[in-house]
Every structure is written in C-alpha cells, then in structure tokens.
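Bear in mind that the values in this text are calculations on the coordinates, not laboratory data. Quick caveat, the model's predicted, so the values are computed rather than measured. All Cβ positions, even for glycine, are placed from backbone atoms using ideal geometry, and neighbour counts span all protein chains on display.
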Amino acid sequence: DVKVTQSSRYLVKRTGEKVFLECVQDMDHENMFWYRQDPGLGLRLIYFSYDVKMKEKGDIPEGYSVSREKKERFSLILESASTNQTSMYLCASSSSTGSSYNEQFFGPGTRLTVL
Amino acid sequence: KQEVTQIPAALSVPEGENLVLNCSFTDSAIYNLQWFRQDPGKGLTSLLLIQSSQREQTSGRLNASLDKSSGRSTLYIAASQPGDSATYLCAVPNTGGFKTIFGAGTRLFVKA
C-alpha cells in the first residue's frame, strides 16, 4: 500500500514563528504536492515538485516555501506564520509513469493553528 | 480552463439505499478521473481511478463510470451504510500539466 505520512496531525504555533511541515512517501513517486483546505474554498494547491530539487508554484504560494532534497521527502515552510495560515494542510504524491499515472495519494493532514 | 462541478453538494439517505453522486468537468481531454473519500478532519482516501479509455471501475459496493464525451462521471454506492457517511470528491488532471483539479465535493449522510 502507498503510504504518505505527515510529521504532525495537530500543530499550534505563534504569529511570526517559522513552521516546518514534513511529508514522506514510500512509493518512489516523482511528484509531490502541498495543498491547504479551508471550509468553502476547497483544496488549493500551494506548491508542487516533479523531481528532487525541482519546485513549481501552485495557486497560492505567497507566504510559503518548499524544499525537496530527497525524492521521498517534501517539506513546506511557513517563513513567518500568520493567523490567516491557520488551516488543514494536506500532502500528496503521484507517479509520472505507468497505469497509475497521476493517481494522487494523500497523507492524513496537519491541522495548523496560528495564534 | 478545466472546471469540476459536483452535484448535489449534500445528500442525506436512509441506510440501505442505492445512491448516485455526480461529477462533471468542462474539458473532456482528460487522462483519468479519480474519486476520493474524506472523513471529517482527515486526509483524502483514493477510492477509484478511471483511465480515459475505461467506461467504469468497480470496488466492492462502489462503481464509478466515465463518459468523456459528455464530461461526466458518476459514483454509484450500493446498499449504503452509516459508515459511508463522508465527503466524496472527484478530481481530474489539469490539461497538459501536473496539477489536479478537484470538485468541491458531495457531503453524504447515511441515516441508520
């Protein structure tokens, strides 16, 4: 079974703190994604990566950065957390090849609260 | 630009009923379509992936169909159970890119 894990289920941080969210997948997927999910706004793509050290901005990259130093790990960084970044953060991965091309597998999510 | 719409937004049915959830997309040039389930406060669980060359996929009590030409997919749930209560989302790859376009979901409640 594909496994995508996220470092924390719940996280509480203070305004201005630097926040790291970690995501690890064990299926050797090329693509990894970070989304945030808010009531009434659905899933919004923050950043994605299609290879190690490669990254592309999604629809709402402002206030975030990412790092992909190893194929299995994709980190989301909030440089200076703000209250409007309180949200559910979801990581996903997918393959670029084979019959499961672009089939996305999600982690359990991290509920981040910024006070 | 690809857009994905799910109707209805919410649905409440008695246990045991068969039901259909609908998903429509504006650009028929899709590679595949994926159905997910999401429980409150949790991540998305992949239910079914239909390739563009397929008409339907089945997994247990779930059956998903795809009609590319009309830009529609349906998720059929047979003999619904209270444990099926969740939000169901459909998603398609954005044309020519890595992004995925998600519908807003249908919130299903199955009454015991």
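Rounded to the nearest 0.05, what FRET efficiency do B:Arg72 and A:Asp38 have when you use their Cβ-Cβ distance and R0 = 22 Å?
The computed FRET efficiency comes out at 0.20.
Could you let me know the centre-to-centre spacing of the range B:58-112 and the range A:1-54, using Cα atoms, in angstrom?
23 Å
May I ask you to list the GluC sites (Glu not before Pro) in the range A:35-115 that are in a DSSP loop and have at most 13 other Cβ atoms within 10 Å of their Cβ?
Hits after loop and neighbour filter: A:Glu62, A:Glu79.
When N counts the residues of the range B:1-93, how does its alpha-carbon radius of gyration compare numerically with 2.2 N^0.38 Å, as a ratio?
Ratio of Rg to 2.2 N^0.38 Å for the range B:1-93: 1.05.
Note down the net charge around A:Leu45, summing +1 for each Lys or Arg and -1 for each Asp or Glu among other residues with Cβ under 10 Å from its Cβ.
The answer is +2.
Using a cut-off of 12 Å between alpha-carbon atoms, which aspartates and glutamates can reach A:Lys71, once sequence neighbours fewer than 8 places away in the same chain are excluded?
Filter leaves A:Asp26, A:Asp28, A:Glu30, A:Asp51.
Where does the charge balance sit around A:Gln6 when Lys and Arg score +1, Asp and Glu -1, over other residues with C-beta under 12 Å from its C-beta?
Overall, the nearby charge balance is +4.
Within 10 Å of each Cβ of B:37-50, how many other protein chain Cβ atoms are there on average?
The mean count of partner-chain Cβ atoms within 10 Å per residue comes to 4.
Average partner chain C-beta neighbours within 10 Å, per residue of A:102-110?
Going residue by residue through A:102-110 and averaging, the value is 6.
Would you please classify the overall shape of chain A from the alpha carbon gyration tensor, given that a ≥ b ≥ c denote the square roots of the eigenvalues, rounded means a/c under 1.5, and beyond that prolate means a/b larger than b/c while oblate covers the rest?
prolate
Around A:Val114, with a cut-off of 14 angstrom between Cβ atoms, what is the net charge of the other residues, counting Lys and Arg +1 and Asp and Glu -1?
Local net charge: +2.
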